[in-house]
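The values are calculated or read from the model by the stated rules, or taken from the named source; none is laboratory data. Keep in mind that this is a model prediction, so the values were computed, not measured. Every residue, glycine as well, gets a Cβ built from its backbone with ideal geometry; the counts of neighbours run over all protein chains shown. Side chains included, ligands, DNA and RNA excluded: accessible areas come from the protein's heavy atoms. Shrake-Rupley method; radii C 1.70, N 1.55, O 1.52, S 1.80 Å.
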Amino acid sequence: MSKELAQLLFPNVDKTIEYYEELYPERNLDKKAKVTRLGPSPTGFIHLGNLYGALVDERIAHLSQGPMLLRIEDTDDKRKVEGSEELIIRSLKFFGIEFDEGVSLEGEKGIYGPYRQSDRREIYQTAAKYLTEKGFTYPSFVSEEEMAQIREEQEKAGVNTGYYGKWAKDRELTFEEIKDNLDAGKPWTLRLKSGGDPEVVMKFKDGIRGEINVRQNNLDVVILKQNGIPTYHFAHVVDDHFMRVTDVVRGEEWLSTLPIHLELFFVMGWRRPNYNHTAHLMKVEDGKKRKLSKRKDPELSLEYYMKDGYFPEAVTEYLMTLMNSNYEEWRMKNPDKSYKEFAFKTKNMSSSGALFDLNKLNDISKDVLVKMSEGQILDFMISWSEKFDKDANKLLVKYRDELGRLLAIGRSGKKPRKDLVNCTQIMDFVSYYFDEGFSYVDDLPERVSKEDAKVILRAYLDTYRQGDTNEAWFEKVKEITDSNGFTSNNKEFKKAPDLYKGNITDVSTAIRVAVVGRQQSPDLWSIQQVMGYDRVVARIEKYIESLD
């Protein structure tokens with residue numbers, strides 16, 4: 001009956017499994033080489049978890065000299081969003097993830113395609129017909145209403161819900177009954193005729209979690225929907241086999257359906273890939289850990305990092321610290337090596353939830369950016385601003401050379417400044433330099449009155465020379481300090497503060513506010529060297545006017 005049933009259900013399928021085995025042969029790779037794939041759905045949203053998984057895929061494949069491919073899992077038309085494929089590819093490329101084969105902006109590359117599931121219908125139908133010939137499937141005519149009724153009865157009886165055993169009403173239909181239903185035009189799905197026993201526990205080795213116990217599957221799950229399109233369960237099994245994928249990285253939410261996938265590989269007679277189930281990205285809120293949420297957490301979206309202008313190298317570096325607990329120790333010993341030289345291992349990944357911390361990402365960004373040249377930083381900022389901030393782009397292009405000198409202040413030596421995080425923050429950080437939109441953000445220091453400030457700043461203008469060395473410039477500031485009731489001797493000020501209006505910090509801060517509009521900035525002498533005499537004088541004169 002099985003062969004007759006297969007022909008009845010799939011009269012137009014003329015290919016065989018053997019045909020596809022020849023079409024997609026085993027890859028000609030070294031025995032140790034691993035093949036990984038990323039299989040996102042084109043839903044219009046790509047998140048940090050996707051990037052996290054993609055980086056694991058990339059490391060597994062490329063550390064073993066194997067390929068990584070991009071497969072678009074688009075069998076659910078209802079969830080498909082226009083432009084999603086490009087968003088996925090561009091977003092991952094932004095963070096340094098490029099694929100060796102699969103879907104790309106220039107078309108598909110590789111001989112194991114098509115790489116969109118919507119283009120692989122014939123392959124799934126052939127595999128489904130093959131399973132039907134072997135007696136491992138049957139057509140089910142049960143409606144959604146009947147399924148809801150079965151679920152209700154199961155809940156009342158206190159048993160597991162699902163289509164299995166005595167609840168699987170279509171499982172024992174005769175060939176004639178099936179034919180009658182088909183002739184009557186009844187819609188049908190194709191179900192797996194499971195041979196599993198949930199009382200039987202199997203040992204399973206997960207690449208991240210080690211040895212775990214898995215109960216056999218007994219659910220007669222749908223493998224082909226009414227429209228002939230496969231469910232995820234069946235599609236990924238067929239695709240991973242014919243694309244010769246060796247290692248699958250996916251979220252822990254798939255652990256519950258792992259028994260189904262193991263059974264499908266078994267009935268197809270195929271060797272299953274190694275599964276690596278990653279833990280959820282977590283965050284601490286109100287002292288409790290919870291999973292990062294698309295609805296609650298804007299920082300889950302990759303667009304969040306792209307818009308703020310986080311440098312891809314910083315995000316990658318941070319994700320590596322989440323992926324392997326020994327990475328930070330390795331980085332301390334190898335400060336100048338590429339993360340690609342780190343011996344990443346899935347067995348060293350957390351199985352209990354990787355804790356995402358934006359503050360730590362920012363700290364790591366500072367460490368990464370301090371090793372970059374000012375040219376590299378500005379190149380990235382200009383590229384970022386072209387897409388995300390047109391106003392910033394005009395300023396970055398106009399002042400590029402000066403900004404290079406400005407960013408260089410204090411970034412060399414044994415203790416370099418570490419205060420650059422991302423493009424948005426850097427633009428705010430250097431905004432004092434631009435005359436466009438310049439404003440005085442901070443007030444004068446508490447111990448400097450407006451009248452004192454005017455006297456100090458006029459004296460400063462009288463003595464300011466662009467060619468002064470840092471030492472000569474500072475001597476003049478000390479002289480202005482001591483001549484106007486303040487003291488340049490901080491020890492004396494601490495001993496007898498009542499004898500003075502304030503100290504040299506107050507005076508230099510007043511000058512700083514007049515020049516850059518802020519009480520804090522990198523080295524003021526160096527900033528003035530970049531600004532030039534005319535701009536420094538104009539700023540101070542403008543500030544003196546504002547004090548009247």
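Subtracting the Cα-Cα distance of residue 265 and residue 152 from 0.36 nm times their residue separation leaves 37.6 nm of extension gain.
Scaling the Cα radius of gyration of the stretch 1-152 by the globular reference 2.2 N^0.38 Å produces a ratio of 1.28.
With each label modelled as a point 7 angstrom along the Cα→C-beta vector, the residue 303-residue 143 pair spans 4.1 nm. With a cut-off of 12 Å between beta carbons, the residues surrounding residue 174 carry a summed charge of -4, where Lys and Arg count +1 and Asp and Glu -1. For residue 453, neighbours were defined as the other residues whose beta-carbon sits under 14 Å from its Cβ, and their charges (Lys and Arg +1, Asp and Glu -1) total -1.
Against the main long axis of the alpha-carbon atoms of the chain, helix 450-463 sits at an angle near 80°. Note on the chain: Kirkwood hydrodynamic radius from all Cα pairs is 28.5 Å, rounded to one decimal.
Length gained on full extension, residue 455 to residue 362, computed as 0.36 nm times the residue gap minus the Cα-Cα distance: 29.4 nm.
Each listed q (0.12, 0.15, 0.24, 0.28 Å⁻¹) maps to a log10 I(q)/I(0) for the stretch 239-316 from the Debye sum over equal C-alpha point scatterers, namely -0.57, -0.77, -1.11, -1.30.
Under the simplified labelling scheme, the residue 134-residue 419 pair shows an inter-label distance of 6.6 nm, with each label point 7 Å from Cα along Cα→Cβ. Ranked by the mean number of other Cβ atoms within 10 Å of their residues, highest first, the peptides 161-171, 117-127, 181-191, 309-319 come out as 309-319, 117-127, 161-171, 181-191.
Remark: for residue pairs 3/205; 31/205; 283/360, the C-alpha separation exceeds 24 Å in 3/205. Only protein atoms count toward the accessible area here, which uses a 1.4 Å probe; on the stretch 369-442, the carbon and sulfur part of that area reaches 51 percent. Note on the stretch 350-396: semi-axes of the ellipsoid equivalent to its C-alpha gyration tensor, largest first and rounded to whole Å, are 29, 15, 8.
For the listed residue pairs 134/347; 156/179; 78/296; 193/347; 78/366; 398/418, the alpha carbons are over 32 angstrom apart in 134/347; 156/179; 193/347; 78/366.
Take the alpha carbon gyration tensor of the stretch 184-256, find the square roots of its eigenvalues, order them as a ≥ b ≥ c, and report rounded if a/c is under 1.5; if not, report prolate when a/b exceeds b/c, else oblate. Taking the square roots of the gyration eigenvalues as a ≥ b ≥ c, the stretch 184-256 is oblate. Less than 20 Å from a label point 7 Å out along the Cα-to-Cβ axis of residue 80: which backbone N atoms in the stretch 119-148 qualify, by residue? From the stretch 119-148, the list is 119-126. Computed from Cα atoms, the angle from the helix 533-547 axis to the main principal axis of the chain rounds to 80 degrees. Projected over all directions and averaged, the alpha-carbon convex hull of the stretch 365-479 occupies 9.3 nm².
With r as the distance between the Cβ atoms of residue 26 and residue 226 and R0 = 30 Å, compute the FRET efficiency 1/(1 + (r/R0)^6) and round to 0.05. Efficiency computed from Cβ-Cβ geometry: 0.30. Placing unit charges on the Cβ atoms of the charged side chains and taking the dipole of the chain about its Cα centre, the candidate lying farthest along the positive direction among 472, 376, 448 is 472. Straight-distance candidates among the lysines for linking to residue 476, with alpha-carbon spacing under 19 Å and chain neighbours fewer than 8 residues away dropped: 454, 501.
Compared with the direct C-alpha span, the chain from residue 291 to residue 18 gains 93.9 nm at full extension, assuming 0.36 nm per residue. Using the average count of surrounding beta-carbon atoms within 10 Å as a protection proxy, the listed peptides 206-215, 270-279, 77-86, 296-305 rank, highest first, as 270-279, 296-305, 206-215, 77-86.
Counted over all Cα-Cα pairs of the stretch 421-523, pairs farther apart than 25 Å make up 25 percent. In this calculation the C-beta distance from residue 326 to residue 466 is compared with R0 = 60 Å, giving a FRET efficiency of 0.70. Shape analysis of the stretch 275-397 yields a ratio of the Cα radius of gyration to the Kirkwood radius, Rg/Rh, of 1.01.
In this simple spin-label approximation, residue 402 and residue 180 carry label points 7 Å from Cα along the Cα→Cβ vector, and these lie 8.9 nm apart. Which stretch or stretches of the stretch 129-170 have amide N atoms under 18 Å from the point lying 7 Å from residue 215's Cα along the Cα→Cβ direction? Output list for this probe position: 151, 154-168. Working ranking of peptides 339-348, 451-460 by packing, defined as the average number of other Cβ atoms within 10 Å per residue, highest first, is 451-460, 339-348. The Kirkwood radius of the stretch 472-548, taken over pairs of alpha-carbon atoms, gives through the Stokes-Einstein law at 10 °C and 1.306 mPa s a diffusion coefficient of 119 µm² s⁻¹.
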